[in-house]
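Everything below concerns the one structure shown next.
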Amino acid sequence: MDLSELRARLQEIASNDNFDEHPLAIETLRLEFPHTIRLVHFADPALSMNCFVWALDLCYELGDWIGTWNLPELFVGSKFVQELIPYLTPVPKSDVTEGDLVVYLEEEMPTHAGSINESKVISKWGRGHIYQHDQLEVPSSYGNDIRFYRKLPGTLVAMHFVKYVQDHPDYSLIQEEFEEKFDHLHAE
């Protein structure tokens, strides 16, 4: 199997905004490129949850509310994960266990995340569905650098995100409403 061609084709599929077409397209691709990708869960199109929110078990309401403000880099994205990584415990590939966090990077910038389940990765593809797959059976834009970390509890991730939000240059624009809604998530 030509893995780079499979990943290029997965990229084409993932670029289609109609998520409901993805599972059939991925399954049809199996005829041309044998792969282990299988649908685990259909995404709710009403939820704007991305792979990072899902993989980090971050409070959906927190990530979604912040994202609605459309402020530069003030959402649960690559920059936040890059700032979170120093607080994560790296795991050598040989010691990866069930539930560990998998982070994909391109030029040191996180592009995708998932978690280990039965020696496979389970991840949410963008705003699309959740799939189980081998480590490199992902769209090409997710990168080739894969790192593993012990997963932090979602409450700790939320506290890191709150600090990330409060340190953002545009925080003053949302401060009053943010503190009213999420003051209970402040780190002690």
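Numerical summary
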{"item": "Test result for L39, touching a Phe, Trp or Tyr at 6+ places or on another chain (Cβ under 9 Å), aliphatic (A, V, I, L, M) and under 21 Å from F161 (Cβ atoms)", "result": "no"}
{"item": "Wholly within the range 1-69, helices (runs of 4 or more DSSP H) carrying at least 2 residues that are without any contact (Cβ under 8 Å) to a residue 24 or more places away in the chain and not basic (K, R)", "result": "22-32, 60-67"}
{"item": "Any hit, the range 6-16, residues being hydrophobic (A, V, I, L, M, F, W, C), touching an Asp or Glu at 6+ places or on another chain (Cβ under 8 Å) and over 30 Å from L74 (Cα atoms)", "result": "yes"}
{"item": "Filter pass, D134 being touching a residue at least 60 places away in the same chain (Cβ under 8 Å) and either among the acidic types (D, E) or in contact with an Asp or Glu (Cβ under 6 Å, 6 or more places away or on another chain) (or both)", "result": "yes"}
{"item": "Which numbered condition E27 fails, given (1) farther than 30 Å from V157 by Cα; (2) crowded, with 16+ Cβ neighbours inside 10 Å; (3) not hydrophobic (A, V, I, L, M, F, W, C)", "result": "(2)"}
{"item": "Some residue of the range 144-153 being in contact with a Leu (Cβ under 6 Å, 6 or more places away or on another chain), closer than 20 Å to G126 by Cβ and modelled with pLDDT of 95 or more", "result": "yes"}
{"item": "Condition met for Y87 (of a type in the set (F, W, Y), modelled with pLDDT of 95 or more and touching a Ser or Thr at 6+ places or on another chain (Cβ under 8 Å))", "result": "no"}
{"item": "E98 at pLDDT 95 or above and of a type in the set (D, E)", "result": "yes"}
{"item": "Answer residue from the range 30-77, given it is in contact with a helix residue (DSSP H, G or I) (Cβ under 8 Å, 6 or more places away or on another chain) and of a type in the set (G, A, S) and is surrounded by the fewest Cβ atoms within 10 Å (Cβ to Cβ) among those", "result": "S48"}
{"item": "Residues (modelled with pLDDT of 95 or more and over 30 Å from W65 (Cβ atoms)) located in the range 34-51", "result": "H35, T36, I37, R38"}
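The values are calculated or read from the model by the stated rules, or taken from the named source; none is laboratory data. None of the values given here were measured: they were computed from a predicted structure. Because the Cβ atoms are built from the backbone with ideal geometry, glycine has one as well, and the counts that use them run over all protein chains shown.
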